[in-house]
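Q: Sharing a structure with you now.
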Amino acid sequence: MPKVTLHKGGEVFVDDVDPNTNLVVRAGIKKFPYPNLAYKCGMGKCSTCTCRVLKGGEHLEAPNWKEKRQLGDKLDEGYRLACQLWVSEDIELTQDV
Ligand code: FES
């Protein structure tokens, strides 16, 4: 099972998730990374769920058009929209407060 590590506000939250997991969908049903992952629309429109990938980004699909529109050059710095990611391998993320 993929291990997800989320850095937020100086704390680190870790849990295992099922393969092919969307972290915003999980938070929406109040499972890890709820309540620590900030998100709103879940549809790639608001950028509230923006995270920077620290490790494991090589296992993710390439950014889609919604991420390109919302994040632009920040994609090159490792930022992604958590609501657009499907996690199947270990990943480590940080989200600004
Ligand atoms: S929750 Fe709105 S863009 Fe991800």
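Every number here is computed from the coordinates shown, using simple stated rules; none is lab data. Every value quoted in this text rests on a predicted model; they were computed, and no experiment measured them. Please note: Cβ atoms are built from the backbone with ideal geometry, for glycine as well, and neighbour counts cover all protein chains shown.
Q: Put +1 on the Cβ of each Lys and Arg and -1 on the Cβ of each Asp and Glu in the range 3-95; which of ASN20, LEU60, TYR39 then has its Cα farthest toward the positive end of the dipole?
A: Final value for the positive-end residue is TYR39.
Q: If you don't mind, there's one more thing I want to ask. Got a sec to turn the phi values of the range 91-97 into Karplus ³J(HN,Hα) couplings, 6.51 cos²θ - 1.76 cosθ + 1.60 with θ = phi - 60°, whole Hz, x for Gly and Pro?
A: Result, ordered by residue: 8, 10, 10, 10, 10, 5, 7 Hz.
Q: Now for a different question. Sequence gap at least 6, Cα distance under 8 Å: using those rules, report the relative contact order of the range 3-95 to the nearest whole percent.
A: 40
Q: Right, another one. Two-decimal Rg/Rh of the range 3-95 from alpha-carbon positions, Kirkwood Rh?
A: My calculation of the ratio gives 0.91.
Q: If you place +1 on the Cβ of every Lys and Arg and -1 on the Cβ of every Asp and Glu, how big does the dipole about the Cα centre of the chain come out, in debye to the nearest 20?
A: Magnitude of the dipole: close to 500 debye.
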